[in-house]
Amino acid sequence: MGTVSIRDARKSYGAVEILHGVSLDIADGEFVILVGPSGCGKSTLLRMIAGLEDISGGTISISDRVVNDLAPKQRDIAMVFQSYALYPHKTVAQNMGFSLHLARTPKEEIERRVNDAARILGLESLLDRYPRQLSGGQRQRVAMGRAIVRDPQVFLFDEPLSNLDAKLRVAMRTEIKALHQRLGTTTIYVTHDQIEAMTMADRIVVMHDGIVEQIGSPLELYDEPVNLFVAEFIGSPAMNIVDGRIENGQFSASDGTQIPLGSTRGAAEGQPVKLGVRPEDMFLDDGGIAGSIVTIEPTGSETHVTLTIAGATMSGVFRERIASRPGSDLRVRFNPDRLHLFDAETGMRLTK
Ligand code: ADP
Ligand code: MG
């Protein structure tokens, strides 16, 4: 069983607290991603779980055992870093088996586990090569192999794909997800890339400045962000935000544009709010609100348009191909049932 339970975990360096009490329960077999901007404390939290950083406050348990004072190798975890740090003078097989070798595992057992991991990762034909003879993706797979041979209760990944080019990153994303589905090992994965988080995670933990902003499934975070930070962090292009207030049950933008709210509820009459509109919740409509086109980017399958509308600059993603030019008008309508309202002052979600 590989559960992880984090209770009010805190971390200080000297007088500076950088993790302000993080709590999180991870079920056996779950794939959980910690995501947030650079410097928010993701790696620190992961390293505290691994035992590479002291825990300044709170408790961390792995499979119901408090590990605060246990050394890394007593925690039954295996970690994969961004820099794979393979031993250059050891072969792939030796790199993968090295931790078992250190643990004085019998030779046949090491061979069996290395071969199993190599088969899972498609590295069988590369076992005698040296790291310099491998591509970036193959090295990354060896780094994962090193973790797999240990058959730990929990895998910890810290931005393992950051050094790869964009295409390989997408391929490895699929590979890691497939690997998790096959092995079923509890996994905690750190990234600053929200798309990586959205596509891979069972559950996402959004962190910001040493706190957890929201925990949920990818679509929960996308459909019901609890505050403006999560709303703007998850999704690409990002959610559009428009300033205004509620007037006669509608949204009235600061430039006076009236936007119907449909079933979107939760704000009081007269209340200053920020309206959130996902780019794909905008539709072409000759009877809609006029905006002025800033840029048009056809991707082939969709057209991405930046336009000034309702006193704001917004991004729209349309299925249609759009022949208009920058500077000309585009009339659009917003899906009234998929709008998001946030308190203008606190940034907290108002929509029920
Ligand atoms: P992330 O992985 O989310 O980018 P980190 O966990 O690496 O963020 O860092 C969180 C914060 O802790 C940052 O502000 C960083 O400067 C600070 N920090 C990390 N390690 C140390 C350290 N050894 N001493 C002092 N501050 C540190
Ligand atoms: Mg980091």
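The values are calculated or read from the model by the stated rules, or taken from the named source; none is laboratory data. Remember, predicted model here, so these are calculated numbers, not experimental data. Here the Cβ is made from the backbone with ideal geometry for all residues, glycine too, and neighbour counts use every protein chain on show.
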Mind checking which helices (runs of 4 or more DSSP H) fall wholly inside region 188-233 and carry at least 3 residues that are surrounded by fewer than 18 Cβ atoms within 10 Å (Cβ to Cβ)?
-> 218-223
Do we find a residue being assigned by TED's automatic domain parsing to the domain that holds Ala147, of a type in the set (A, V, I, L, M) and under 21 Å from the mean Cα position of the chain (by Cα) anywhere in region 61-74?
-> no
Filter pass, Phe251 being part of a strand (DSSP E or B), crowded, with 16+ Cβ neighbours inside 10 Å and modelled with pLDDT of 95 or more = yes
Is it true that some residue in region 171-186 is in the same structural domain as Val35 (by TED's automatic domain parsing), under 23 Å from Phe233 (Cβ atoms) and within 16 Å of ligand 1 (Cβ to nearest atom)?
-> no
Just one of (1) surrounded by fewer than 19 Cβ atoms within 10 Å (Cβ to Cβ); (2) in a loop (DSSP other than H, G, I, E, B); (3) not small (Gly, Ala, Ser) trips up Asp116, so point out which.
-> (2)
If you go through region 21-54, how many residues are more than 11 Å from ligand 2 (Cβ to nearest atom) and among the polar types (S, T, N, Q)?
-> 1
List, please: which pairs have Cβ atoms under 6 Å, are six or more places apart or on different chains, and start with a residue in region 41-53 that is closer than 12 Å to Leu156 by Cα and end with one that is more than 9 Å from ligand 2 (Cβ to nearest atom) and part of a helix (DSSP H, G or I)?
-> Ala50/Pro72; Gly51/Pro72
Read through the list (1) hydroxyl-bearing (Ser, Thr, Tyr); (2) within 16 Å of ligand 1 (Cβ to nearest atom); (3) touching a Pro at 6+ places or on another chain (Cβ under 8 Å), then give the number of the only condition that Thr191 fails.
-> (3)
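Return yes when Val242 is in a strand (DSSP E or B) and either outside the structural domain of Gln138 (by TED's automatic domain parsing) or more than 20 Å from Pro37 (Cα to Cα) (or both) and no when it is not.
Here the answer is yes, as Val242 does meet what is asked.
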Within region 199-221, which residues are within 19 Å of Phe31 (Cα to Cα), in contact (Cβ under 8 Å) with a residue 24 or more places away in the chain and out of contact with any strand residue (DSSP E or B) (no Cβ under 9 Å at 6 or more places or on another chain)?
-> Thr199
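Run down Ile188, Ile195 and say which single residue is more than 16 Å from ligand 2 (Cβ to nearest atom) and not charged (D, E, K, R).
Within the list Ile188, Ile195, the selection yields Ile195.
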Inside region 55-88, the number of residues satisfying the requirement of being free of Cβ contacts under 8 Å to residues at least 40 places away in the same chain and among the acidic types (Asp, Glu) is 1
